[in-house]
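As structure tokens, the structure follows; a few thoughts come after it.
The values are calculated or read from the model by the stated rules, or taken from the named source; none is laboratory data. All of these numbers come straight from a predicted model, not from anything done at the bench. Cβ placement follows ideal geometry from the backbone for every residue including glycine, while neighbour counts extend to all protein chains displayed. Quick note on the areas: whole protein, heavy atoms, side chains included, nothing else; ligands and nucleic acids left out. Shrake-Rupley method; radii C 1.70, N 1.55, O 1.52, S 1.80 Å.
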Amino acid sequence: MPVRERITTKNPNYSRFYEFNSKNSEICSDCPSKCGTKSWEKVLNRIQGVPVHTNWPFDATEAISTLYVCESPSNREFSHGLPSVGLTGQAIYKNEHSIAKLPDCWLDTLDGSVYRTNLVRCQADAGLQKRVDREKKMRVNEAAQKCILHLQAELSLIAENKIGTELHVVVAIGAGFSEWVKMVKKMAKNVFKDAGVMVKVTQMNHPSAPR
């Protein structure tokens, strides 16, 4: 029998800890993922500039102790309106629990324990077929120049509001984006250390990459 992801389907229309309306966001105002410029022109209008926000609820009472920064949402994640619900989420769960096989309702457990977000919030592989690596890389690099400002705001908000005394940040961005990996790691260390939080920042391969 296939492993069940959840007890019941999760409604994506709930307030997230960090979310924004790209139509009104100054950061998003001239982002290529929203405007459909350059390599983003193949993206359908209905999904251009539509971000996938963190899984973490706005009204969560638990302190955030583990935070994953992934690369960008996949088609599955965009359709669910939640980050890291497919192969990436499975790999994160296995990494967190040091197991090889997923249990039933693994995604419910992951959502309740691990804060997940993306460097790029819009779907970087939208509309691409077959070998998408080159075009996807162009899109991630273009959009990340804007989205890094959202990530900085998000990390600062976490540091101010929803954290204990220790935090583990895992940067799970593909090896092809080494400069962004360095930037995110440095940003996380600085934001949380400045807030007096004992932070451990580690790096792992993109969770959905072949092993």
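Provide the FRET efficiency to the nearest 0.05 for the Tyr14-Glu179 pair, computing r from the beta carbons and using R0 = 30 Å. List each step's numbers first, then the result.
Working: r = 34 Å, r/R0 = 1.14.
That pair, Tyr14 with Glu179, gives E of 0.30.
For the chain, a simple Cβ point-charge model (Lys and Arg +1, Asp and Glu -1, everything else neutral) yields a dipole of about 680 debye relative to the Cα centre.
Normalised per residue, the accessible area of the chain is 52 Å², obtained with a 1.4 Å probe and no contribution from ligands, DNA or RNA.
Working note: Karplus 6.51/-1.76/1.60 with θ = phi - 60° gives the range 47-64 the couplings 10, 5, x, 9, x, 9, 8, 4, 6, 6, x, 4, 9, 4, 9, 6, 6, 7 Hz, where Gly and Pro are set to x. A cut-off under 14 angstrom between Cβ atoms defines the neighbours of Lys189, and their net charge, with Lys, Arg +1 and Asp, Glu -1, is +3.
Which order do peptides 99-106, 38-45 fall in by mean Cβ count within 10 Å, highest first? Could the numbers behind the result be given before it?
Details: 99-106: 12.8, 38-45: 14.6.
In decreasing order of mean packing, 99-106, 38-45 become 38-45, 99-106.
Ligands, DNA and RNA left out, the 1.4 Å accessible surface of the range 1-96 is 49% carbon and sulfur atoms. The listed peptides 148-155, 113-120, ordered by packing as a protection proxy, come out as 113-120, 148-155 (highest mean of other Cβ atoms within 10 Å first). On the beta carbon distance between Cys35 and Lys137, with R0 = 25 Å, the FRET formula returns roughly 0.85. Each Lys or Arg adds one and each Asp or Glu subtracts one; over the other residues with Cβ under 14 Å from the Cβ of Thr37, this totals +1. Electrostatic tally near Thr202: other residues with Cβ closer than 14 Å to its Cβ, Lys and Arg +1, Asp and Glu -1, net +3.
Past 27 Å, Cα to Cα, is the threshold; run Lys10/Lys185; Lys101/Lys182; Lys34/Lys101; Lys34/Lys137; Lys42/Lys146 against it and keep the listed order. Don't jump to the answer; show the numbers that get you there.
Details: Lys10/Lys185 31 Å; Lys101/Lys182 31 Å; Lys34/Lys101 38 Å; Lys34/Lys137 17 Å; Lys42/Lys146 20 Å.
With Cα atoms farther than 27 Å apart: Lys10/Lys185; Lys101/Lys182; Lys34/Lys101.
Tell me the mean residue ellipticity at 222 nm calculated for the chain from its helices only (DSSP H runs of n ≥ 4, each -39500 (n - 2.57), averaged over every residue, nearest 500). Present the calculation step by step, with values, prior to reporting the outcome.
Numbers: 6 runs with 75 residues, N = 211.
So the helix-based figure for the chain works out to -11000 deg cm²/dmol.
Taking amide H as placed 1.01 Å from N in the peptide plane, Ile64 has its amide H under 5 Å from the amide H of Ile163, Gly164, each at least 5 places away in sequence or on another chain. Label sites at Lys193 and Ile99, each approximated as a point 7 angstrom past Cα along Cα to Cβ, lie 3.6 nm apart. Positive end of the dipole of the chain (Cβ unit charges, origin at the Cα centre): among Cys122, Asn21, Ala63, the Cα lying farthest that way belongs to Cys122. If both residues of a DSSP beta bridge must be in the chain, then about 5% of such bridges are antiparallel.
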